[in-house]
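The values are calculated or read from the model by the stated rules, or taken from the named source; none is laboratory data. Fair warning: this is a prediction, and the values are worked out from it, not measured in the lab. When we count neighbours, we look across all protein chains shown, and the Cβ atoms used for this are built from the backbone with ideal geometry, even at glycine.
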Amino acid sequence: MFKQNAFTLIELLVAMVVLVVIISVAVPSFSAMVANSRSTSLGEELNSIINVARSEALKRASRVSLCSSSDGLNCLAAGNWGKGWLVFVDAAISDTAVDPLVGTIIQYKSEPTATATITAKSNGTDIKFVRFTGTGILAKSNSSDIYPRVFLVKTKGCNGDAARQLSVGLSGMVSSTKVACN
């Protein structure tokens with residue numbers, strides 16, 4: 001006699017319940033992992049853009065600035081760093097000029113992600129741009145400006161220490177530190 005092997009209905013239901021439990025545990029972890037990865041890569045991307053601005057200032061031996069921009073042509077007001085970034089040869093009349101005048105555009109990055117939160121501050125005050133001199137050092141906004149420019153970069157849904165704090169020192173060097181997402 002021929003015997004047929006198959007699953008019973010109960011065995012199939014138990015297997016499906018186990019599968020649903022595994023998926024319900026894995027999906028939130030996977031979502032957090034994706035958010036953490038996006039947060040980390042966004043911080044590294046901004047770090048790279050800042051270094052591009054500094055190296056272009058050195059290469060061109062002139063002022064180069066980085067500002068937030070949503071159109072690749074104009075700088076936005078302070079507090080809009082999540083809208084995109086613009087690196088350009090700065091046509092301002094001095095290192096201490098308040099508003100950069102956009103000269104030759106070197107690089108533009110459109111809005112990185114809708115879930116990004118990026119702040120840029122100097123001594124606790126929101127900043128509009130970061131300017132490097134032709135020698136690659138950070139341009140001071142006035143003679144008593146001794147504070148680094150600090151960026152905090154994270155994405156919605158990240159957890160742990162996936163956020164990045166980028167600090168541009170007076171020498172123009174950028175340091176990156178892992179910080180908590182909350």
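Those residues that are modelled with pLDDT of 90 or more and more than 17 Å from the chain's Cα centre (by Cα), I need them from segment 74-92; list them, please.
F88, V89 - these are the residues of segment 74-92 that are modelled with pLDDT of 90 or more and more than 17 Å from the chain's Cα centre (by Cα).
Within segment 63-93, how many residues are touching a residue at least 40 places away in the same chain (Cβ under 8 Å), farther than 22 Å from A116 by Cβ and not basic (K, R)?
Looking only at that region, the number is 2.
Does T96 satisfy the criteria of being polar (S, T, N, Q), farther than 19 Å from L46 by Cα and out of contact with any strand residue (DSSP E or B) (no Cβ under 6 Å at 6 or more places or on another chain)?
Working: polar (S, T, N, Q): yes; farther than 19 Å from L46 by Cα: yes; out of contact with any strand residue (DSSP E or B) (no Cβ under 6 Å at 6 or more places or on another chain): yes.
It is true that T96 is polar (S, T, N, Q), farther than 19 Å from L46 by Cα and out of contact with any strand residue (DSSP E or B) (no Cβ under 6 Å at 6 or more places or on another chain).
Is it the case, given these coordinates, that N36 is surrounded by 10 or more Cβ atoms within 10 Å (Cβ to Cβ), of a type outside the set (A, V, I, L, M), within 22 Å of T117 (Cβ to Cβ) and modelled with pLDDT of 95 or more?
On the way: surrounded by 10 or more Cβ atoms within 10 Å (Cβ to Cβ): yes; of a type outside the set (A, V, I, L, M): yes; within 22 Å of T117 (Cβ to Cβ): yes; modelled with pLDDT of 95 or more: no.
For N36, the condition - surrounded by 10 or more Cβ atoms within 10 Å (Cβ to Cβ), of a type outside the set (A, V, I, L, M), within 22 Å of T117 (Cβ to Cβ) and modelled with pLDDT of 95 or more - is not met.
Taking D145 and the conditions (1) modelled with pLDDT of 90 or more; (2) more than 19 Å from the chain's Cα centre (by Cα), which numbered condition does it fall short on, given that it satisfies the others?
Against the list (1) modelled with pLDDT of 90 or more; (2) more than 19 Å from the chain's Cα centre (by Cα), D145 comes up short only on (1).
From R60, R54, grab the single residue that is over 14 Å from the mean Cα position of the chain (by Cα), on the phi < 0 side of the Ramachandran plot, loosely packed, with under 15 Cβ neighbours inside 10 Å and touching a residue at least 12 places away in the same chain (Cβ under 8 Å).
On the way: R54 fails: loosely packed, with under 15 Cβ neighbours inside 10 Å.
One residue alone meets the criteria, R60.
So is T104 touching a Ser or Thr at 6+ places or on another chain (Cβ under 9 Å), at negative phi and β-branched (V, I, T) or not?
Details: touching a Ser or Thr at 6+ places or on another chain (Cβ under 9 Å): no; at negative phi: yes; β-branched (V, I, T): yes.
Here the answer is no, as T104 does not meet what is asked.
Taking strands (runs of 3 or more DSSP E) that fall entirely within segment 74-182, which contain at least 1 residues that are loosely packed, with under 13 Cβ neighbours inside 10 Å and not hydrophobic (A, V, I, L, M, F, W, C)? Steps first, answer last, please.
Values: elements: 84-90, 102-110, 116-122, 129-132, 149-155, 163-168, 174-179.
Output list reads 102-110, 174-179.
Given (1) among the acidic types (D, E); (2) under 18 Å from the mean Cα position of the chain (by Cα); (3) farther than 20 Å from N36 by Cβ, identify the lone condition not met by D95.
(2)
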